[in-house]
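Data first, discussion second: the structure below is written as structure tokens.
Each reported figure results from applying straightforward, stated rules to the coordinates on display, with no laboratory input. As the structure is a computational prediction, the values presented were derived from the model and not from experiment. Here the Cβ positions follow ideal geometry from the backbone for every residue, glycine too, while neighbour counts run over all protein chains shown.
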Amino acid sequence: MDNWGGRVKQALMVKNAPLNLCTGRNKMKTVDRILKALLCTGFLFVMSCVIPMVFAVFLVLEGLADQAYAAKVSGTVFNDANQNGVLNTGETGVSGVTVTLDGSITRITTGAGTYTFNSMSNGAHTLSVANPLKYFLTTNNNPYTFNLQGTATVNFGYAPITTTTTTV
């Protein structure tokens with residue numbers, strides 16, 4: 001033990017001035033304290049490198065999760081006054097229409113005829129619209145199957161069914 005303590009004493013000499021290590025029973029306690037201090041310093045150094053890396057990994061994974069569900073689809077169910085299948089300026093939305101995503105998730109169009117499905121996953125999806133009463137579809141897309149990558153806009157055009165009467 002004394003030989004080992006002598007080596008520690010020699011290792012801790014600063015410009016040939018010995019570090020005052022206690023003698024007797026306190027000698028090992030002092031050495032233990034120094035070793036514990038060195039271990040703690042090393043541990044803190046390692047942790048100062050590891051913790052930022054762990055947080056960086058979590059941030060990357062969180063970002064990937066956000067990207068996986070950052071996709072959305074929205075659109076308008078509109079009154080296609082000129083029956084050309086395109087949402088033109090001045091054509092109004094049809095409110096209260098049920099839009100269904102993948103056969104199970106539904107939205108009701110707003111007063112302006114708009115709908116939105118947020119937090120979707122990228123990939124293949126199908127949209128369908130319940131035909132509003134007294135309207136017929138002018139866009140040939142019900143149901144509409146598409147491969148979503150990010151965001152998509154899908155509009156559904158309807159024109160009112162009009163009846164004409166003729167006298168004979």
Trypsin sites (Lys or Arg not before Pro) lying in DSSP loop within region 70-168, provided at most 15 other Cβ fall within 10 Å: LYS134
The ³J(HN,Hα) series, computed from each phi in region 122-138 with the Karplus coefficients 6.51, -1.76 and 1.60 at θ = phi - 60°, rounded to the nearest Hz and given as x for glycine or proline, is 5, x, 6, 9, 10, 10, 9, 10, 6, 4, x, 4, 6, 10, 10, 6, 10
Mean Cα-pair separation over length for region 119-167, i.e. relative contact order, pairs under 8 Å, 6 or more apart, %: 42 percent
Inter-label distance for LYS36 and THR166, nm, one decimal - labels placed 7 Å from Cα along Cα-to-Cβ: 10.5 nm
